[in-house]
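K.L.:
Before I ask anything, let me first share the structure, which is written out below as structure tokens.
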Amino acid sequence: MSIKIDVDMTKCQHYGQCCFEAPTVFELDADGKLNVLTHEVDEDMREAVEAAADVCPMQAITLTDI
Amino acid sequence: MTTVVIVGAGLGGLRAAESLRANGFVGEITVIGDEPHMPYNRPPLSKEALKSGLDMSTLEFRRKASVADVTWQLGSAVVACDLSARTITLADGSIVGFDALVAASGIRPRDFNIPGPRNGRHFLRAAADAHALREQLVPGARIVILGSGFIGCEVAATARQLGCEVDIVTLDPVPMYRPLGTILGAGMQAHHEEHGVRFHFGRSITEFTGHDRVTGAVLDDDSSLEADVVLEAVGSVPNTQWLAGNNIDLSDGILTDSSLRVVGSPAPFVAVGDVARYENALFPGVARRIEHWNLPTDTGKRAGATLATLLTGGQPDQTPFAPMPSFWSDQYHCKVQSFGLPGIADEIVIVGGEPSGECVAEYRRDGALVGVIGINSTSALVPYRTALMAG
Ligand SMILES: Cc1cc2nc3c(=O)[nH]c(=O)nc-3n(C[C@H](O)[C@H](O)[C@H](O)COP(=O)(O)OP(=O)(O)OC[C@H]3O[C@@H](n4cnc5c(N)ncnc54)[C@H](O)[C@@H]3O)c2cc1C
Ligand code: SF4
């Protein structure tokens, strides 16, 4: 199974909390805007992307099993 | 079946339940909360939701599938607990037994019982509080805010955006004095004053005036302010009264060890979130209670693992607990973001920018970095967070 990652950019406030939990998926660019590097990850990344979704203050990250 | 009772249906309670499941606990989990809502996000209550309206369906946290079988007993307050008998008592007098307990009961705003009418005076912690306050924040309404901490300042910014007149009365010399210090505090003061907020520094309120409803506030220099609405936002009190009489340390929240296990409890018992006091290995030597949004998640995860281990007869992980405290605040176009414990610093150095604009400040104690705060400088904080993590 893999996991689909959606970030609601109307909610995201670019706090970057997600980047600390899953740096290979979320990154802040030089202007401080969130970049989602990949929208799909394998099962072995579950813990990291779940942690990222948990720490998002805006609760902007949705994970779906696909 | 083994039963874990979680007292408090907030973020910490939710994360503890999820962590119990993630750590293999298959028994019964009952979460008891006095609010009528499923766990929801509080920070918007002073910001976006206060401005644009409360929609509980968007404020509620998404819950992991693993907690679908948890029993949520909402609208029900725990009034007593007997850790030896392993029972809690609810407000309606019913008694519930448990094998293990989680305290996730958070804090409440401090009430100084200032004399005067009660009607028109507000505190802000729960959705119901935000709802009641929001109804009063109509254009032209005069709001007097007691306290210039984050919540007072965020409500001030929101109230200005809603067209209210805002006066802040505070004993401090600048807004958000304890977390930010003088320089950044003064920078934020400039933003607030630019937006028309009036500060009354070094002052407190001795009395509210009005008959059946508040019409004003009397300050300790005998000056007075007219008010249609009042928000009292000075300090907080941990919700531990339900644990009285158990011979555990409740002097400031619930004292735990680094696995979040409550010190001195005869029953398996952990505490999480705003109500827990523990030693953070990043800032060793003192057990602290920290009211930051990210910590209910960090403590909930660790505490769930501890309890799951205890319930299978194991020894909880004693590796040091070192979550990074982090805080953010939105006021006007300013994003204030903090890592570490800037409040314990003895020296503050602006390392980039201007306190009234974009800036980064280092907070040091005995010469060592203990915190960093940025205003509109998210990316610049990343290396500091890394340095703080490294200790
Ligand atoms: C208006 C506001 C704005 C905030 N903004 C920010 C911010 O911008 N950034 C940030 O980092 N943090 C912010 N915070 C702090 C953050 O929301 C808290 O740190 C977090 O909610 C703590 O979670 P918790 O689960 O420990 O406690 P809570 O969320 O308070 O949950 C505890 C629950 O337990 C219930 N309870 C208490 N006693 C009992 C009892 N005896 N029986 C049953 N139930 C009980 C309470 O009613 C509550 O529902 C803000 C808080 C507020 C109120
Ligand atoms: S944590 Fe949430 S708000 Fe912050 S950058 Fe990531 S998605 Fe955006």
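The values are calculated or read from the model by the stated rules, or taken from the named source; none is laboratory data. Nothing here was measured: the structure is a model prediction, and the numbers come from that model. In this analysis, Cβ positions are derived from the backbone assuming ideal geometry, glycine residues included, and neighbour counts consider all displayed protein chains. SASA here: full protein model, heavy atoms, side chains in, ligands and nucleic acids out. Shrake-Rupley method; radii C 1.70, N 1.55, O 1.52, S 1.80 Å.
K.L.:
What residues in the stretch B:10-53 lose 20 Å² or more of accessible surface when the other protein chains are added to their chain alone (1.4 Å probe)?
P.N.:
Hits at the 20 Å² cut-off: B:R15, B:N41.
K.L.:
Counting only helical runs of four or more DSSP H residues, what would the 222 nm mean residue ellipticity of the protein assembly as shown come to if each run contributes -39,500 (n - 2.57) and the total is spread over all its residues?
P.N.:
Mean residue ellipticity at 222 nm (helix-derived): -7000 deg cm²/dmol.
K.L.:
Among B:L282, B:V218, B:G53, which residue has its Cα positioned farthest towards the positive end of the charge dipole of chain B, with +1 placed on the Cβ of Lys and Arg, -1 on the Cβ of Asp and Glu, and the dipole taken about the Cα centre?
P.N.:
Comparing the listed Cα positions along the dipole, B:L282 ranks first.
K.L.:
How many square angstrom of accessible surface are buried between A and B, both sides summed, with a 1.4 Å probe and rounding to 100?
P.N.:
1700
K.L.:
Would you list B:T215, B:T306 from the most to the least accessible area, probe 1.4 Å?
P.N.:
Putting B:T215, B:T306 in descending order of accessible area: B:T215, B:T306.
K.L.:
Where only protein heavy atoms count, and the probe is 1.4 Å, what is the accessible area per residue for the stretch B:106-182 in Å²? All intermediate terms of the calculation are to be shown ahead of the outcome.
P.N.:
Details: 3070 Å² over 77 residues.
Here the per-residue accessible area is 40 Å².
K.L.:
Shape call for the stretch B:1-120 from the C-alpha gyration tensor, a ≥ b ≥ c root eigenvalues: rounded (a/c under 1.5), prolate (a/b greater than b/c) or oblate? Show your work: numbers first, answer last.
P.N.:
Numbers: a/c = 2.60, a/b = 1.32, b/c = 1.97.
Cα axes put the stretch B:1-120 in the oblate bin.
K.L.:
Additional query: Counting only protein heavy atoms and using a 1.4 Å probe, what share of the accessible area of the stretch A:2-65 belongs to carbon plus sulfur, as a whole percent?
P.N.:
Answer for the stretch A:2-65: carbon and sulfur cover 48 percent of the accessible area.
K.L.:
Can you compute the equivalent ellipsoid semi-axes for chain A, i.e. the square root of 5 times each eigenvalue of the Cα gyration tensor, sorted largest first and rounded to whole Å?
P.N.:
For chain A, the semi-axes come out at 18, 12, 10 Å.
K.L.:
Report the label-to-label distance for B:N247 and B:E226 in nanometres (one decimal), using points 7 Å from each Cα along the Cα→Cβ vector.
P.N.:
Placing both labels 7 Å along Cα→Cβ, they lie 6.0 nm apart.
K.L.:
Something else about it: Just to be sure I understand the interface: list residues from the stretch B:345-391 that lose 30 Å² or more of accessible area between the chain on its own and the complete protein assembly, 1.4 Å probe.
P.N.:
SASA drop of 30 Å² or more in the stretch B:345-391: B:T378, B:S379, B:V382, B:R385.
K.L.:
For the stretch B:333-390, state the average projected area of the convex hull of the C-alpha atoms over all orientations, rounded to one decimal in nm².
P.N.:
Across all orientations, the stretch B:333-390 yields a mean hull projection of 3.7 nm².
K.L.:
What percentage of the solvent-accessible surface of the stretch B:210-282, computed with a 1.4 Å probe over protein heavy atoms, is contributed by carbon and sulfur atoms?
P.N.:
For the stretch B:210-282, the apolar C and S fraction of the accessible surface comes to 45 percent.
K.L.:
Hey, another quick one. Using the crude model of +1 on Lys and Arg Cβ and -1 on Asp and Glu Cβ, and no other charge, please compute the dipole size for the protein assembly as shown relative to its Cα centre, in debye to 20.
P.N.:
With only Lys, Arg, Asp and Glu charged at Cβ, the dipole is about 440 debye.
K.L.:
Also, I was wondering about something else. Relative contact order for the stretch B:97-200: what percent, with Cα pairs under 8 Å and sequence separation of 6 or more?
P.N.:
21
K.L.:
Relative contact order for chain A: what percent, with Cα pairs under 8 Å and sequence separation of 6 or more? List each step's numbers first, then the result.
P.N.:
On the way: 110 pairs, mean separation 32.6, N = 66.
Taking the mean separation of contacting Cα pairs over the length of chain A, I get 49 percent.
K.L.:
Taking a quarter of the surface of the Cα convex hull of the stretch B:151-231, what do you get in nm²?
P.N.:
5.4
K.L.:
Using all Cα-Cα distances in chain B, what percent lands in each 10 angstrom bin from 0 up to the longest?
P.N.:
5, 22, 29, 26, 15, 3, 0
K.L.:
What is the projected area of the convex hull of the Cα atoms of the stretch B:247-386, averaged over all directions, in nm²? Write out the running numbers ahead of the final one.
P.N.:
Details: hull surface 38.3 nm².
So the Cα hull casts an average projection of 9.6 nm².
K.L.:
Using 1/(1 + (r/R0)^6) with R0 = 30 angstrom and r between the beta carbons of B:E193 and B:M389, what's the FRET efficiency to the nearest 0.05?
P.N.:
Efficiency, from the Cβ-Cβ distance: 0.25.
K.L.:
Over the alpha carbons of the stretch B:209-320, what is the largest minus smallest coordinate on each principal axis, giving the biggest first in Å?
P.N.:
Ordered largest first, the stretch B:209-320 gives principal extents of 61, 32, 22 Å.
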